[in-house]
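Since the structure comes first, as structure tokens, the remarks are kept for the end.
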Amino acid sequence: MLSRRSLIKTFSALPFIACIPRLGNAATIANFSKLKEGYAQRLKKILAAGELPYIDIESSCNSTKLDMVFVAKRMDQLNIGLMALSADIGKGQFKEGVRFDHLSERLLASYPDRFIPVGNGGQAPAFSETPDEFLDAHEAAARAKQIMLLGEFEFRHYPSPRQAKRGEMDRDVNVPIDGPIGQRVFSLSERTGMAFQIHYEIEDALLAPLESMLEQYPKAKVIWCHLAQIRYIERASRYSPAYVDTLISRFQNLFFDTAFGDAGSIYPLSNQRHTRAWANDSSLKPEWRDLIAAYPKRFLSALDLGGDRLYRIAEYDQNHRNFLQRLPAETRHQVAYRSAWSLLFGEEFA
Ligand SMILES: [Zn+2]
């Protein structure tokens, strides 16, 4: 929890973030609209300079090691519009009892026009060992309008390529999406109207439980991260652009982020090129491009920076822009910032 002193410091630095209990929701909703003004100005400034801004809907970091000045400067240099930079609660913080990291307040206190207040990464140990405490804290933050977005919740997560290379296999996560924790996350989204991100590896056996949850919670706003990222092709015979098309048609509140590797990116544990949207000649496969162009409102920009790779932001930006560049111009603008805008604010970017 924030100390009284740091609360006063944060709130005096940023009066419109402060929640005035006496005024209830009206005051806090007004805070979001003030943030929205700053975001719009920043996006419009980049557009006016002839550049393409995008909203990185999914990046994360270790808040105790973050150099926010570095990230903010790079965002300016690279014309990155906004970033939803979530804090992952590390093992040390977890042992100290942290169940909600207030990184977003710090980011907004310094840079209110570029960071989207977002909850913490749903990762082990906080999400797996103390899910109720973790979700209680997030529900409170959502209700107090301290955050606009939740996630990324790791329901099924293989070790990341970097962890696999380092031999760190403890992130082989399996939290049943249709179990009690999944029920609570989907219900939280329905009750608060807040979107959330899931990390959910693409496997045949995992598709039915996800579909069942989307059916049970039609108002839950779900961002399935890492479109077309399949680590083991032999486990994913059903997933294809046609399958994603059927999901989009069936579920009106299902979205996909486009944080994926470049055409040459290999998942070390299977030795496969896991970003299936790319063809062998490094072009974007037409069936994926056409799907995105057919439903551009369902796809969002994302970098998926993490605590161990924030310094590679320019490389990730280049990779993402290479993808955006392959989309028709109108689709590109929709995916880059318009989709995230309407998901966050319930209205078109104007
Ligand atoms: Zn992920």
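The values are calculated or read from the model by the stated rules, or taken from the named source; none is laboratory data. As the structure is a prediction and not an experimental result, all values here were calculated from the model. When we count neighbours, we look across all protein chains shown, and the Cβ atoms used for this are built from the backbone with ideal geometry, even at glycine.
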| task | Test Gln123 against the stated conditions and say whether it is under 16 Å from the mean Cα position of the chain (by Cα) and either under 30 Å from Asn271 (Cβ atoms) or surrounded by fewer than 22 Cβ atoms within 10 Å (Cβ to Cβ) (or both). | result | yes
Only unsatisfied item for Thr246, checking (1) loosely packed, with under 14 Cβ neighbours inside 10 Å; (2) modelled with pLDDT under 95, is (2)
Selection over segment 253-275 where residues are part of a loop (DSSP other than H, G, I, E, B) and away from the ligand (no atom under 16 Å from the Cβ) yields a count of 7
Of the residues in segment 217-245, those that are free of Cβ contacts under 8 Å to residues at least 40 places away in the same chain, in a loop (DSSP other than H, G, I, E, B) and not small (Gly, Ala, Ser) number 5
Only one of Ile223, Ile116 is under 18 Å from the mean Cα position of the chain (by Cα), β-branched (Val, Ile, Thr) and under 29 Å from Thr246 (Cβ atoms), namely Ile223
Within segment 66-75, the residues that are exposed (fewer than 15 other Cβ atoms within 10 Å of the Cβ) and either under 20 Å from the mean Cα position of the chain (by Cα) or within 16 Å of Ser301 (Cβ to Cβ) (or both) are Asp67
Q. Would a scan of segment 288-301 turn up a residue that is under 14 Å from Asn322 (Cβ atoms) and within 16 Å of the ligand (Cβ to nearest atom)?
A. yes
Checking Ile233, Ile223 in turn, the sole residue that is modelled with pLDDT of 95 or more, surrounded by 21 or more Cβ atoms within 10 Å (Cβ to Cβ) and hydrophobic (A, V, I, L, M, F, W, C) turns out to be Ile223
All-but-one check, Ala49 against (1) surrounded by fewer than 22 Cβ atoms within 10 Å (Cβ to Cβ); (2) over 23 Å from Arg338 (Cβ atoms); (3) free of Cβ contacts under 8 Å to residues at least 60 places away in the same chain; (4) hydrophobic (A, V, I, L, M, F, W, C), failing number (2)
Checked segment 152-185 for anything of a type in the set (Gly, Ala, Ser) and either away from the ligand (no atom under 15 Å from the Cβ) or not in a helix (DSSP H, G or I) (or both); matches are Ser160, Gly167, Gly179, Gly182
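Any residue in segment 301-315 that is assigned to a helix (DSSP H, G or I) and among the aromatic types (Phe, Trp, Tyr)?
Step one: filter segment 301-315 for residues assigned to a helix (DSSP H, G or I), giving 310-315.
Okay, now just the ones that are also among the aromatic types (Phe, Trp, Tyr), so 311.
Checked against the condition, which is being assigned to a helix (DSSP H, G or I) and among the aromatic types (Phe, Trp, Tyr), segment 301-315 yields at least one hit.
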The condition of being within 20 Å of Arg321 (Cα to Cα), within 16 Å of the chain's Cα centre (by Cα) and aliphatic (A, V, I, L, M) holds, among Ile55, Ile89, only for Ile55
Would you mind stating whether Ala140 is more than 13 Å from the ligand (Cβ to nearest atom), surrounded by 22 or more Cβ atoms within 10 Å (Cβ to Cβ) and at negative phi?
no
So the helices (runs of 4 or more DSSP H) completely within segment 44-128 holding 2 or more residues that are among the basic types (Lys, Arg) are 68-78, 91-95
From the option list Ser6, Ser33, Ser12, single residue qualifying as of a type in the set (S, T, N, Q) and either modelled with pLDDT of 50 or more or outside any helix (DSSP H, G or I) (or both) is Ser33
Here the residues within segment 65-113 that are touching a helix residue (DSSP H, G or I) at 6+ places or on another chain (Cβ under 6 Å), among the charged types (D, E, K, R) and closer than 27 Å to Ser342 by Cβ are Arg74, Glu105, Asp113
When segment 186-212 is checked residue by residue, the ones that are within 16 Å of the ligand (Cβ to nearest atom) and aromatic (Phe, Trp, Tyr) are Phe196, Tyr200
